[in-house]
Amino acid sequence: MATSTVENYIKQIYALQFEQGEGGNVAMGDLAASLGVTPGTATSMVKSLAKSGHLDYVPRVGVKLSESGERLALHVLRRHRLVELFLVETLGMEWHEIHEEAETLEHAISDRVLERIDVLLGNPEVDPHGDSIPSATGSMAKRDLTPLDQCEQGQNVTISRIEDQEEGFLQYLESNKLTPGKDITVTRRDGQAGIVSVQFSDGNQCSMGFPAARKIQVELCG
Ligand SMILES: [Zn+2]
């Protein structure tokens, strides 16, 4: 089994590759900065990951996961996201406090326990933040999501994924009931003021600025 440091590097490279779109290399400077290590530390780790076949490393160009590296990344994400859902659904923990726990547990949990959790939760497809959970074979559902600030007035949408999972922001969403699965209608979009207002199915309203709305991804309904 890979060490937690190896898994964290692989996971981070996967996330950065995902952010910048298909096919790109991740620059070493970006990788080091996102992991909070010096470029020298990142480079020596990356060289050893290249040796074990998890990625391709080209000096001055950057790194890219190999097929086995990608498989490992998806497996770590599966553990992380199933654990998060388990902490909320089964242990009743708060939505905003589970990420840190999952960061530790994702490296410790065995496949046997993980698959039991998957069955217990009914083979779920998304975690509590709305991120897709990769299947045991490493496939992940692709969804067509739109940031809430770009939705038109009158549009009916379902909150699907929270882009920014920082604790304070999650607490704000939780206290305003802006959580994945909620159906809302965009009742007002003021481009000059930078404000979006939404209405819940129970009639309650909520307004927010574009920066907050941008971090809430929704699925458009008919
Ligand atoms: Zn998390």
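Laboratory data are not the source of any read-out in this text; all were calculated from the coordinates shown. Here the structure is a predicted model, which means the values were calculated and not measured. FYI the Cβ positions are ideal-geometry reconstructions off the backbone, even for glycines, and counts take in every protein chain you see.
For this structure, a couple of remarks:
- Residues of the stretch 98-137 falling in the label zone of E174, defined by backbone nitrogen less than 20 Å from a point 7 Å along Cα to beta-carbon, are 98-106, 126-132.
- Cα-Cα pairs of the stretch 4-65 separated by more than 16 Å (percent): 33 percent
- In sequence order, the stretch 68-85 has phi-based couplings of 5, x, 5, 4, 5, 4, 5, 5, 5, 5, 4, 4, 4, 6, 5, 4, 4, 5 Hz under the Karplus curve 6.51 cos²θ - 1.76 cosθ + 1.60, θ = phi - 60°, and Gly or Pro positions carry x.
- Neighbour net charge for C206 - beta-carbon separation under 12 angstrom, K R +1, D E -1: +2
- Along the stretch 113-118 the Karplus relation, 6.51 cos²θ - 1.76 cosθ + 1.60 evaluated at θ = phi - 60°, assigns HN-Hα couplings of 5, 4, 5, 5, 5, 4 Hz to successive residues, with x for each Gly and Pro.
- In a simple Cβ point-charge model (Lys, Arg +1; Asp, Glu -1; nothing else charged), the stretch 146-221 has a dipole of about 160 debye relative to its Cα centre.
- Entry note: the chain has Rg to Rh equal to 1.01, where both radii use alpha-carbon atoms and Rh is the Kirkwood radius.
- Evaluating 6.51 cos²θ - 1.76 cosθ + 1.60 at θ = phi - 60° for every residue in the stretch 133-139, the Karplus couplings come out as 8, x, 6, 4, 8, x, 9 Hz, glycine and proline recorded as x.
- Gap separating the Cα centres of the stretch 16-63 and the stretch 125-163, nearest whole Å: 27 Å
- Residue (of P59, S160, L173) at the positive-pole extreme of the chain, dipole from beta-carbon charges: P59
- Under a model in which nothing but the beta-carbon of Lys, Arg (+1) and Asp, Glu (-1) is charged, the stretch 83-222 shows a dipole of about 620 debye around its Cα centre.
- Taking the Cα centre of the stretch 4-65 as reference, the dipole from Cβ charges on Lys and Arg (+1) and Asp and Glu (-1) amounts to some 220 debye.
- Calculated mean residue ellipticity at 222 nm for the chain: -12500 deg cm²/dmol, from DSSP H runs with n ≥ 4 weighted as -39500 (n - 2.57), summed, divided by the residue count and rounded to 500.
- Burial ranking of peptide ranges 177-183, 136-142, 211-217 (average Cβ count within 10 Å, highest at the top): 211-217, 177-183, 136-142
- Qualifying GluC sites (Glu not before Pro) in the stretch 134-188, where qualification requires a DSSP coil assignment and no more than 15 other C-beta atoms within 10 Å, comprise E152, E163, E166.
- Taking N as its residue count, the alpha carbon Rg of the stretch 20-114 over 2.2 N^0.38 Å: 1.28
- 19 Å Cα-Cα threshold exceeded, pairs from K11/K215; K177/K215; K11/K64: K11/K215
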